[in-house]
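The values are calculated or read from the model by the stated rules, or taken from the named source; none is laboratory data. Remember, predicted model here, so these are calculated numbers, not experimental data. Every residue, glycine among them, receives a Cβ derived from its backbone with ideal geometry; neighbour counts consider all protein chains shown. Calculation scope for accessible area: heavy atoms of the full protein, side chains included, ligands and nucleic acids excluded. Shrake-Rupley method; radii C 1.70, N 1.55, O 1.52, S 1.80 Å.
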Amino acid sequence: MSWDIDAEGWKQVGVKIKSRWGKINNVVLELINSRREVLVSQVEALYAVTPEEAENQVASFEKHTKELRPKVI
């Protein structure tokens, strides 16, 4: 699943991702390119956590990142 986010929004989220997961750099962010499943797999690989833990971390990140929440009309 990809997040429905424009380029400017992705830049803002990218800064937050790098702040949350310091091992993620600009090269990895380009690889992720707003694809949630790639972020999960990168967190799993870079931090040697289980798939479930990586999923939990990303889910928590989504919950606390306003750019990734559904827009209320």
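Which of the residues belonging to segment 26-69 are of a type in the set (G, A, S) and part of a helix (DSSP H, G or I)?
S41, A45, A54, A59, S60
Looking only at segment 22-41, count every residue that is open to solvent by less than 80 Å² (accessible area, probe 1.4 Å) and over 9 Å from the mean Cα position of the chain (by Cα) and tell me the total.
Number satisfying all stated conditions: 5.
Give the residues of segment 42-63 that are surrounded by 14 or more Cβ atoms within 10 Å (Cβ to Cβ) and within 10 Å of the chain's Cα centre (by Cα), sorted by residue number.
Q42, V43, Q57, V58, F61, E62
Which members of segment 1-56 meet the condition of being in contact (Cβ under 8 Å) with a residue 24 or more places away in the chain and of a type in the set (D, E)?
Once the filter is applied, which keeps residues that are in contact (Cβ under 8 Å) with a residue 24 or more places away in the chain and of a type in the set (D, E), segment 1-56 yields only E37.
Out of all the residues in segment 30-40, which are closer than 16 Å to E62 by Cβ and not β-branched (V, I, T)? Talk me through it step by step, then tell me what you get.
Taking segment 30-40 and keeping what is closer than 16 Å to E62 by Cβ, we get 32, 34-40.
Once the filter is applied, which keeps residues that are closer than 16 Å to E62 by Cβ and not β-branched (V, I, T), segment 30-40 yields S34, R35, R36, E37, L39.
When the residues of segment 5-21 are filtered to those that are under 14 Å from L68 (Cβ atoms) and open to solvent by less than 20 Å² (accessible area, probe 1.4 Å), which remaining residue is modelled with the lowest pLDDT?
G9
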